[in-house]
Each structure stands twice: as C-alpha cells, then as structure tokens.
Amino acid sequence: MMKILFLDQSGKPGGAELCLIDIAKPYSDRCLVGLFADGSFKNLLQENKIPVQVLATQAIQVRKESSFAQGLGSLGQLAPIITKVAKIAREYDLIYANTQKALVVGAIASFLSRRPLVYHLHDILSDEHFSKTNRRIAVTCANRFASLVIANSQASKTAFVKAGGRADLTEIVYNGFDPKNYLIGESDVKQLRQELSLEGQFVVGHFSRLAPWKGQHILLEALAKCPQEVTALLVGDALFGEQDYVDSLHRQVSDLGLEKRVKFLGFRSDIPQLMSACDLVAHTSISPEPFGRVIVEAMLCGTPVVAAASGGAIELVEHDVNGFLATPGKPQELAQIITACLQESEKTATIAKNAQITASQRFDVTIINQQIAELLERNFGNNK
Ligand code: UDP
Ligand code: GLC
C-alpha cells in the first residue's frame with residue numbers, strides 16, 4: 001500500500017477536514033497528515049489513530065482579496081513550511097493536498113522532492129468564493145504539478161475547468177460516510193428532544209459553521225413566516241473568524257421576535273443524534289455548495305432535508321424524490337416548503353425513507369474509499 005503524506009492547512013474541522021479523516025483512515029499505518037495550524041482537527045485525527053504533525057505554528061495569511069503581488073509575498077511566508085514538507089515528502093510515495101494552501105505548498109514540495117501530487121478539490125473555484133488571483137494560483141499549481149485532481153462533485157469539477165483547470169486530470173469522487181454511525185435509537189432521540197425542550201415543536205435543524213454564505217439568516221427569515229410551532233436549531237460555530245455574522249444573526253433573532261423559537265447550540269460532535277432529533281434539516285447556502293456533507297448526513301439519519309438548489313446540492317437531492325430543493329436566498333419559498341413538510345407528514349416521511357436507503361448505498365464510505373484506492377493505484381501503482 002502506498003505511503004501518503006496528506007496536507008491540510010486547517011487546524012479546525014470543516015467539511016474538507018472531516019472528509020480527510022475518512023480518506024486517511026485506510027492508510028493510517030503508513031501515512032502522515034501534515035497540518036499548517038494547530039487545533040481540534042489534530043485531536044480528531046489522533047482519536048482516529050491517524051498520525052498527524054503540525055508543521056507551522058503561525059497561521060499563514062492568504063487573504064481572499066489578495067493581489068498577485070500579495071500572493072507572491074505570502075509565498076515567501078510559506079518558504080519554511082515548503083522546505084519542511086519537501087524534506088518529509090521524501091519518506092512518502094505521494095503528496096495529497098486537501099486544501100488550497102496545501103496545494104501551493106504541496107506543488108512546490110512535490111517538485112523539490114520529486115514526489116507525485118494529488119489535489120483533492122473541495123471548493124467551487126468561482127468568483128463567489130475566491131478572488132481571481134487565488135483561482136489563478138490554484139489552477140496553475142494543479143495544472144502544472146498535480147497528476148490527479150479529485151473533485152468532490154461535478155459542480156466543483158465544472159468550476160475548476162471553467163477557471164482554466166485541466167479536465168483530463170480531474171475525477172469526481174463524492175464524500176463517503178459510514179451509514180451505521182447515523183442510525184440512532186428512538187430512546188436516544190427522545191431523550192435528546194427532552195433535554196433540549198423540543199417536545200411539541202416542529203424542529204428545523206441547520207448544521208453548518210456560521211458564515212454568511214451558509215445562509216443561516218435565510219432560515220431565520222423563513223422561520224418568521226412559518227407557523228408558531230416551527231422552531232430552529234442552529235448547530236455550528238464560526239470557524240474562520242466570522243464574528244460579525246454571528247452578531248448579526250443574534251440581532252436578527254431579536255428583531256424578528258424569534259427568541260423562543262431559535263436555539264444556537266454552537267459546535268457539536270453529536271451531529272447524527274441532533275439530526276435525528278430534528279423534523280427537518282435545512283441547508284440554505286446562498287453561494288453554490290461544493291458538495292454539502294450535511295445534506296447526505298441528514299438523509300442517512302432518515303430526517304427529511306431541504307437544500308438550496310445550486311452547486312453540488314442538486315447532484316445529491318432530487319426534489320420530491322429524496323428531499324426538497326429551494327431557490328437559494330428565497331426565504332418565502334423556503335417557508336412554504338417547511339410548512340408543507342409539517343402539513344404533509346406522511347409524504348415527507350416516505351421521501352426521507354427513500355433518501356436514507358439510496359444515500360446509504362451511494363455514499364457508503366467503503367465504496368468511496370475503494371474508488372480513491374483505485375484512482376491512486378491506476379495513477380501511481382507499481383505496475384503503472
Ligand atoms: N459539523 C459538525 N459540528 C457542527 C456543525 C457541523 O461536526 O457543529 C459537521 C457536519 O456534520 C459536516 C461538516 O461539519 O460533516 C460540514 O461539512 P459541509 O460539507 O456541510 O460544509 P463545509 O463547512 O465543509 O463547507
Ligand atoms: C468543503 C465544501 C463542502 C464539502 C466539503 C467536503 O468544505 O465547502 O461543500 O461538502 O468540502 O468535500
């Protein structure tokens with residue numbers, strides 16, 4: 001089996017990082033995850049017995065709006081970490097970059113250490129998400145240095161190619177999940193609903209880091225247009241410094257008089273339990289979602305899900321078949337769908353059951369890991 005050096009810039013467990021845990025696990029006896037920041041992601045890797053090393057103690061600053069010159073300036077900042085990675089990489093067969101800064105570092109380190117590079121693309125490289133400069137840097141590094149790009153959805157691949165990325169390098173592999181982890185017993189669900197005082201309510205859960213593009217404000221606006229018994233749980237925290245947005249959400253709750261109908265739970269590790277305790281999960285991103293782990297997770301829990309119809313979400317959800325789709329940024333439409341779910345509970349339950357069955361096959365982590373292993377074998381195996 002191949003020895004892989006995984007690289008990820010984040011110390012915090014976002015979706016790309018949670019995905020990496022599942023990808024690295026089969027290689028845990030011969031891989032290393034190199035992080036560019038310390039934090040709770042490191043602990044999660046350790047709990048999963050995946051070797052991890054923090055390679056930089058100071059946060060690397062590459063701002064969204066940075067110009068090409070600033071971009072080059074931050075390359076200078078990256079020099080020590082590039083040297084470190086290039087040295088470590090000589091002990092491995094392959095560098096696997098899981099984020100954009102990891103791609104930049106991995107690209108140069110791959111050149112220096114003569115090790116092949118894989119880029120796992122978790123982002124939609126469009127102007128809604130990234131500056132032109134950052135798009136250009138990512139595409140150039142990938143085209144020039146990567147032997148394989150793994151896109152987390154068709155939407156991410158399409159945006160990559162549109163930004164100038166090489167289609168011939170790119171394969172699509174969805175995130176994988178262990179369906180067992182999402183089967184929560186009825187008594188646990190009942191207890192959790194009691195603990196959170198949710199009895200008698202129609203609970204809409206939103207599971208995501210708090211960030212403007214994740215659109216929690218759209219759900220709050222929709223909630224104000226729903227019957228009184230509809231309440232919301234906002235699960236997740238600002239992971240990347242979006243404190244202004246957090247403040248604005250709290251203001252919005254009081255402006256709309258929703259204090260009794262909205263709970264902020266912060267970052268939680270019991271997502272399957274919480275999702276199972278919800279009557280509906282809402283995904284409300286106002287920019288295209290590259291994949292949307294929370295959508296699949298809701299399906300695996302058997303909880304109905306409504307998602308913003310854009311990006312990877314439309315590859316996951318077929319309206320009225322395994323969930324519901326709402327136009328992004330339209331609270332009125334979202335409110336109508338929520339209300340319909342509340343009123344047509346039988347139809348909604350059938351759709352959720354469908355979703356649970358199909359998602360547990362389509363996104364089974366064992367199958368997804370096989371796909372990745374085959375791609376790596378085909379591109380980098382001994383008998384290639
Ligand atoms: N998540 C979590 N705790 C929280 C909120 C979210 O563990 O409080 C997880 C969630 O279950 C999902 C991931 O974070 O697996 C978010 O991934 P997603 O692809 O939905 O969005 P991203 O944040 O990566 O853009
Ligand atoms: C990124 C994307 C998210 C995706 C996750 C895992 O964090 O924002 O949509 O689900 O990666 O691929």
**Q.** Test: PRO304 is at pLDDT 95 or above, farther than 23 Å from GLY11 by Cβ and within 11 Å of ligand 1 (Cβ to nearest atom)
**A.** no
Q: Can you confirm whether the stretch 211-233 contains a residue that is within 16 Å of ligand 2 (Cβ to nearest atom), within 24 Å of ALA359 (Cα to Cα) and surrounded by fewer than 24 Cβ atoms within 10 Å (Cβ to Cβ)?
A: no
Q) Within the bounds of the stretch 275-292, is there any residue that is hydroxyl-bearing (Ser, Thr, Tyr), under 20 Å from LYS214 (Cα atoms), surrounded by fewer than 21 Cβ atoms within 10 Å (Cβ to Cβ) and under 17 Å from the mean Cα position of the chain (by Cα)? A) yes
Q. Any idea which of LEU316, LEU342 is among the aliphatic types (A, V, I, L, M) and either on the phi > 0 side of the Ramachandran plot or within 16 Å of ligand 1 (Cβ to nearest atom) (or both)?
A. LEU316
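Of everything in the stretch 1-35, what is away from ligand 2 (no atom under 16 Å from the Cβ) and in contact (Cβ under 8 Å) with a residue 40 or more places away in the chain? Give them in sequence order.
MET2, LYS3, ILE4, LEU5, PRO26, CYS31, LEU32, GLY34
Could you list, in sequence order, the residues of the stretch 336-355 that are in contact (Cβ under 8 Å) with a residue 40 or more places away in the chain and open to solvent by 30 Å² or more (accessible area, probe 1.4 Å)? Lay out the reasoning, then the answer.
Kept after step one, since they are in contact (Cβ under 8 Å) with a residue 40 or more places away in the chain, are these residues of the stretch 336-355: 338-339, 341-342, 348-349, 351-353, 355.
LEU342, ALA349, LYS353 - these are the residues of the stretch 336-355 that are in contact (Cβ under 8 Å) with a residue 40 or more places away in the chain and open to solvent by 30 Å² or more (accessible area, probe 1.4 Å).
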**Q.** Pair list, Cβ < 6 Å and 6+ apart or interchain, from the stretch 230-258 residues that are farther than 24 Å from ALA298 by Cα to residues that are open to solvent by 50 Å² or more (accessible area, probe 1.4 Å) and part of a helix (DSSP H, G or I)
**A.** TYR245/PRO212
Q. When the stretch 27-50 is examined, which residues are found to be open to solvent by 20 Å² or more (accessible area, probe 1.4 Å) and either within 17 Å of GLY15 (Cβ to Cβ) or of a type in the set (Lys, Arg) (or both)?
A. ARG30, ALA37, GLY39, SER40, LYS42, LEU44, ASN48, LYS49
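Across the stretch 92-150, which residue is surrounded by the most Cβ atoms within 10 Å (Cβ to Cβ) among those that are acidic (Asp, Glu) and more than 13 Å from ligand 2 (Cβ to nearest atom)? Quick ask: steps written out before the conclusion?
As a first pass, look at the stretch 92-150 and keep what is acidic (Asp, Glu): 93, 123, 127-128.
Cutting the leftovers down to more than 13 Å from ligand 2 (Cβ to nearest atom) gives us 93, 127.
Values: ASP93: 18, ASP127: 11.
Here the answer is ASP93.
Could you list, in sequence order, all residues of the stretch 166-202 that are open to solvent by less than 10 Å² (accessible area, probe 1.4 Å) and either within 16 Å of ligand 1 (Cβ to nearest atom) or over 16 Å from MET275 (Cβ atoms) (or both)? Spell out the reasoning first.
Step one: filter the stretch 166-202 for residues open to solvent by less than 10 Å² (accessible area, probe 1.4 Å), giving 170, 173, 175-177, 198.
Scanning the stretch 166-202 gives THR170, VAL173, ASN175, GLY176, PHE177.
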Q) Mind checking which residues of the stretch 302-324 are open to solvent by 20 Å² or more (accessible area, probe 1.4 Å), within 16 Å of ligand 2 (Cβ to nearest atom) and not in a loop (DSSP other than H, G, I, E, B)? A) ILE314, GLU315
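When you look at ILE286, is it more than 10 Å from ligand 1 (Cβ to nearest atom), farther than 26 Å from ILE184 by Cβ and β-branched (Val, Ile, Thr), yes or no? First the steps, then the outcome.
Numbers: more than 10 Å from ligand 1 (Cβ to nearest atom): yes; farther than 26 Å from ILE184 by Cβ: yes; β-branched (Val, Ile, Thr): yes.
Yes: the conditions hold for ILE286.
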Q.
Would you confirm, using the coordinates I've provided, whether GLN9 is within 16 Å of ligand 1 (Cβ to nearest atom) and at negative phi?
A. yes
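The values are calculated or read from the model by the stated rules, or taken from the named source; none is laboratory data. Small disclaimer: the values here were computed from a predicted structure and weren't measured. Glycine gets a Cβ as well: all are built from the backbone with ideal geometry, and neighbour counts include every protein chain shown. Surface accessibility is based on the protein's heavy atoms, side chains included, excluding ligands, DNA and RNA. Shrake-Rupley method; radii C 1.70, N 1.55, O 1.52, S 1.80 Å.
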